[in-house]
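Beneath this line is the structure, given in structure tokens, with notes to follow.
The values are calculated or read from the model by the stated rules, or taken from the named source; none is laboratory data. Quick caveat, the model's predicted, so the values are computed rather than measured. Cβ placement follows ideal geometry from the backbone for every residue including glycine, while neighbour counts extend to all protein chains displayed. Ligands, DNA and RNA are stripped out before the accessible areas are found, and what is left, the full protein with its side chains, is counted by its heavy atoms. Shrake-Rupley method; radii C 1.70, N 1.55, O 1.52, S 1.80 Å.
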Amino acid sequence: PGAQVKTRAALPDRSSTRLVESPVFVLSSQRSGSTLLRVLLNSHSQIRAPHELHLRTLKVQPAKEYTGPIMEALGLDATELEHLLWDRVLHHELEKSGKQIIVDKTPANALIWRRISSAWPEARYVFLLRHPASVVESVMNRRRNADFDAVVEETRRYVTGVDEARTNLDGITVRYEDLTAEPDKETRRICEYLGVEWEPEMLDYGRHDHGPIKPVFGDWSENIKSGQVQQARPLPKDEDIPEPLLKVARSWGYTNSSAVKSS
């Protein structure tokens with residue numbers, strides 16, 4: 001008999017294995033208005049924007065030492081198995097809603113944007129920006145006994161992730177300050193990007209059911225619970241921007257109050 005040739009299954013083309021080929025991810029730091037954006041989008045008849053899904057916390061753990069090699073022989077390593085699980089969660093939620101588009105707004109996605117773009121090559125992105133110093137102020141106001149330097153460092157990691165993703169991925173940029181000042185204009189821009197007709201009902205988000213409004217699921221403030229878009233705080237002065245955040249603040253055009261127009 002001829003020599004046996006060992007073969008290993010090639011990894012399937014991801015575009016053919018995803019149940020949801022083109023999900024939408026809002027990439028933002030914490031306390032940047034992503035919950036407001038998601039309830040506005042979720043009020044659209046064809047957009048499902050559920051509470052934060054925290055997909056990166058869903059893990060696949062083989063129960064036996066031989067499970068990994070068996071799956072790898074199918075072209076499914078642990079990372080791809082997790083991606084299949086994440087995709088199935090999105091598909092489940094989308095099918096349940098009966099809508100056409102699903103949006104995940106978990107802020108921590110900004111820290112894993114490379115993996116998301118690898119898992120979904122056809123994904124679409126909304127880059128939601130907010131003045132980094134305003135983010136720090138909002139976190140300090142929300143968290144009890146928060147350490148200022150730790151919050152600044154956390155914010156730096158998030159905004160750096162958003163900035164890197166925005167540099168490397170195609171998408172639409174929206175500023176929180178613009179979203180609160182002109183929600184009709186900004187939601188129209190997003191709808192155009194997503195290829196759906198704008199619906200005025202989006203602005204009256206308080207009339208729709210958006211699921212749990214509580215910690216871990218997203219923002220649970222009285223502003224969100226009011227059902228009405230609330231104006232953003234005045235922008236911080238340049239001298240109040242923590243030094244670790246200056247670079248991104250300048251890059252995003254936040255180093256003077258006149259530079260808050262959408263990109």
**Report entry** Failed criterion for Lys185 (all others in (1) over 30 Å from Ala150 (Cα atoms); (2) of a type in the set (Lys, Arg); (3) in a loop (DSSP other than H, G, I, E, B) hold)
**Finding:** (3)
Requested in this report: Take the stretch 134-149 and flag every residue that is more than 16 Å from Val216 (Cα to Cα), at pLDDT below 95 and not polar (S, T, N, Q).
Outcome: Glu137, Met140, Ala146
Query - the stretch 109-124: number of residues that are open to solvent by 10 Å² or more (accessible area, probe 1.4 Å), closer than 23 Å to Leu36 by Cβ and not in a loop (DSSP other than H, G, I, E, B) - result: 3
Query raised in the report: Which one of these is out of contact with any Asp or Glu (no Cβ under 9 Å at 6 or more places or on another chain), in a helix (DSSP H, G or I), in contact (Cβ under 8 Å) with a residue 24 or more places away in the chain and under 25 Å from Ser22 (Cβ atoms): Gly211, Gly161?
Result: Gly161
Query - Those residues of the stretch 93-103 which are assigned to a helix (DSSP H, G or I) and more than 12 Å from Leu53 (Cα to Cα), in sequence order - result: Leu94, Glu95, Lys96, Ser97
Query raised in the report: For the stretch 136-193, which residues satisfy the criterion of being small (Gly, Ala, Ser) and open to solvent by 80 Å² or more (accessible area, probe 1.4 Å)?
Result: none
Query raised in the report: His91 passes all but one of (1) at pLDDT 95 or above; (2) touching a Gly at 6+ places or on another chain (Cβ under 6 Å); (3) open to solvent by 10 Å² or more (accessible area, probe 1.4 Å); which number fails?
Result: (2)
